[in-house]
1. Check the stretch 33-40 and report whether any residue there is in contact with a Ser or Thr (Cβ under 9 Å, 6 or more places away or on another chain), of a type outside the set (Val, Ile, Thr) and either at pLDDT 90 or above or closer than 30 Å to Tyr90 by Cβ (or both).
2. Which one of the conditions (1) closer than 16 Å to Leu132 by Cα; (2) in contact (Cβ under 8 Å) with a residue 40 or more places away in the chain; (3) small (Gly, Ala, Ser); (4) in a helix (DSSP H, G or I) does Ala16 fail to meet, given that it meets all the rest?
3. Mind telling me which of the residues Leu132, Leu92 ends up being among the aliphatic types (A, V, I, L, M) and out of contact with any strand residue (DSSP E or B) (no Cβ under 7 Å at 6 or more places or on another chain)?
4. For the stretch 20-55, which residues satisfy the criterion of being surrounded by 13 or more Cβ atoms within 10 Å (Cβ to Cβ), of a type outside the set (A, V, I, L, M, F, W, C) and touching an Asp or Glu at 6+ places or on another chain (Cβ under 9 Å)?
5. At pLDDT 95 or above and farther than 27 Å from Leu35 by Cα: does that describe Asn85?
6. Just wondering, is there one or more residues in the stretch 58-81 that are part of a loop (DSSP other than H, G, I, E, B), free of Cβ contacts under 8 Å to residues at least 24 places away in the same chain, more than 18 Å from the chain's Cα centre (by Cα) and within 19 Å of Val131 (Cβ to Cβ)?
7. Could you check the stretch 106-127 and list, in sequence order, the residues that are under 14 Å from Leu54 (Cβ atoms) and at pLDDT below 90?
Amino acid sequence: MTIGITGPELARATPALRLNQKLSKKDTRPGPESLAKLPWLQQDRAYRAGYYLLTHGLQQHAKHPEIEMCNVPGAMLDNASRMLNTIAEYVLKGHSLAAGQTMLINEDPLAVVGFMQVVPGARGTVHEDAVLRVVFLR
């Protein structure tokens with residue numbers, strides 16, 4: 001099982017690419033008040049900002065929907081990848097996850113995620129099969 005990471009520079013014609021280009025130049029970068037309103041980690045639609053992560057292999061090895069995370073800031077990419085690996089390992093050990101279900105990631109500090117089903121062609125991505133998107137709760 002692997003995790004594919006799509007950076008904004010590979011997400012052609014998306015808000016994530018346009019935002020990345022704007023943020024990369026001092027003369028086009030918005031001030032702190034505007035930066036605080038960016039859609040990092042918003043999970044309703046992919047490719048708004050930052051990176052997109054998707055497992056590869058859960059369907060093949062566990063007959064389970066692949067799992068995705070979207071709009072992850074680069075500063076959180078390593079932790080997001082580790083979390084996605086933790087979730088995937090749970091599935092590969094014979095457990096299954098479903099839309100509406102929650103999962104305790106850590107007790108202290110409390111970290112809980114939920115899962116939302118994304119059908120092909122919905123919510124900013126194109127998939128051949130439905131996937132589960134991580135939604136951050138705590």
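1. Among the residues of the stretch 33-40, not one is in contact with a Ser or Thr (Cβ under 9 Å, 6 or more places away or on another chain), of a type outside the set (Val, Ile, Thr) and either at pLDDT 90 or above or closer than 30 Å to Tyr90 by Cβ (or both), which makes the answer no.
2. So the condition that Ala16 fails would be (1).
3. Leu92
4. Across the stretch 20-55, the qualifying residues are Asn20, Tyr52, Thr55.
5. Criteria met by Asn85.
6. Yes - at least one qualifying residue is present in the stretch 58-81.
7. Within the stretch 106-127, Arg123, Gly124, Thr125, Val126, His127 qualify.
Condition check ((1) hydroxyl-bearing (Ser, Thr, Tyr); (2) surrounded by fewer than 11 Cβ atoms within 10 Å (Cβ to Cβ)) across all residues:
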position: Asn71; (1), (2): no, no
position: Ala75; (1), (2): no, yes
position: Ser81; (1), (2): yes, no
position: Leu84; (1), (2): no, no
position: Tyr90; (1), (2): yes, no
position: Gly94; (1), (2): no, yes
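The values are calculated or read from the model by the stated rules, or taken from the named source; none is laboratory data. A quick note: this is a predicted structure, and the numbers were derived from the prediction, not measured. For neighbour counting, all protein chains shown are included, and Cβ atoms are generated from backbone atoms with ideal geometry for every residue, glycine included.
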